[in-house]
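Below is one structure, written out as structure tokens; the observations come after it.
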Amino acid sequence: MYDLFHPARDSRASLAADRRPARPKPRLRSCWARATKLYQQGDVGGALEKFNAAYAAYPSPKLMFNIGQANRDLSRPVEAIEAFQRFLAEATDASPRRLRMRTSR
């Protein structure tokens, strides 16, 4: 999962590279935190719903990675591939090495 609030944990990129405000809106923070917790608890469907809500509030390409992971875990390969392709097209600052490590889990 990409951590939008602590980018140094996930990549060398900053939120500024997303061309978004440095301070995410409260709704994004709430949706993202809930989605991450649901994902970690195994409620991938609930997490996907919250990741989509977070993306609606703050369309960061890094959220597309999380959406792709959730779709992959829900055996939705077409949706997963579409989300990963959007992520790769839009998140030009993503580290290919980190991506390989994350997707191989």
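Here, each number is a calculation from the coordinates, and none is a lab measurement. Note that this is a predicted model, so its numbers are computed, not measured. Methodologically, a virtual Cβ is constructed for each residue, glycine included, from the backbone with ideal geometry; neighbour enumeration extends over all protein chains shown.
A few comments on the model shown:
- Sorted ascending by nearby beta carbons within 10 Å, beginning with the fewest, Val78, Val44 become Val78, Val44.
- Where labels lie 7 Å past Cα in the beta-carbon direction, separation of Ser75 and Asp93 in nm: 3.8 nm
- For segment 26-103, the residue among Ala80, Leu28, Met64 whose Cα projects farthest onto the positive side of the dipole built from Cβ charges is Leu28.
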